[in-house]
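Student: Here you go, one structure.
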Amino acid sequence: MKRNHLLLILLSLCCLSGVYAKSPAKRYVSVKDAVLKEKANNAGKKLGSIAYGTEVILLQEEGKWAYVQNSANEAVKGWIPSSSLRNKKITAMNGSVTADAKEIALAGRGWADAIAQVDDAIQPAVYTMVDKIEKNSVSEAAVFIFMKEGELNGGE
């Protein structure tokens with residue numbers, strides 16, 4: 001009889017653990033195109049990208065990196081900088097993703113909420129030079145050469 005009670009208690013606990021199991025953490029891409037990497041560093045092979053506003057599932061975190069999976073396509077997954085994600089859903093109007101001016105400014109610079117709070121506390125800066133620099137581009141091959149010559153470990 002005690003064995004049956006024990007079995008019943010264990011079965012009940014298993015059922016309850018399924019009910020209270022933590023659901024996967026949903027996040028939203030907050031940069032124009034988040035580059036998916038094979039490894040949790042800048043030197044990782046590029047696997048693809050995920051667009052601004054896309055819902056992803058946070059599978060793992062490692063330092064400043066997040067391993068995510070596209071909610072709409074389970075085959076699309078990889079590592080992106082954690083600062084490229086936000087908790088708040090990005091809404092769309094008339095088929096296009098919209099955000100307020102502050103969100104766009106932060107997303108374009110890949111800033112996290114913590115930096116945004118500091119930024120809000122200081123005098124607004126002029127981002128003309130930042131905008132100009134963002135228009136520059138460098139090939140991935142040139143970045144790897146730079147990292148190798150500079151003896152940078154994984155781009156960190």
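Computed from the coordinates by the stated procedures, all read-outs in this text should not be read as laboratory data. Just so you know, these numbers come straight off a predicted model, no measurement behind them. Reconstructed Cβ throughout: ideal geometry from the backbone, glycine too, with neighbour counts over all protein chains shown.
Student: Apply the Karplus parameterisation 6.51 cos²θ - 1.76 cosθ + 1.60, with θ equal to phi minus 60°, to every residue of region 56-65 and state each ³J(HN,Hα) to the nearest whole Hz, in sequence, with x for glycine and proline.
Tutor: Working through the residues one at a time gives 10, 9, 7, 9, 7, 10, 9, x, 8, 10 Hz.
Student: Between GLU62 and PHE146, what length in nm is gained on full extension when 0.36 nm per residue of separation is reduced by their alpha carbon distance?
Tutor: Separation in residues times 0.36 nm, less the Cα-Cα distance, equals 27.8 nm.
Student: About its Cα centre, what dipole magnitude does region 18-82 give when the only charges are +1 on Lys and Arg Cβ and -1 on Asp and Glu Cβ, stated in debye to the nearest 20?
Tutor: Here region 18-82 has a charge dipole of around 120 debye.
Student: Which cross-chain or sequence-distant (5 or more) residues have an amide H under 5 Å from the amide H of GLY48, H modelled 1.01 Å from N in plane?
Tutor: For GLY48, whose amide H was placed from the backbone, the distant partners under 5 Å are LEU36.
Student: How big is region 43-89 in terms of Cα radius of gyration and Dmax, in angstroms?
Tutor: Radius of gyration, then largest Cα-Cα span, for region 43-89: 10.1, 29 Å.
Student: Could you work out the local net charge near TYR28, counting Lys and Arg as +1, Asp and Glu as -1, over the other residues with Cβ closer than 10 Å to its Cβ?
Tutor: +4
Student: I want the local charge near GLU38. Using Cβ-Cβ distances under 10 Å, sum +1 for each Lys or Arg and -1 for each Asp or Glu among the other residues.
Tutor: Neighbour charge sum, excluding GLU38 itself: +4.
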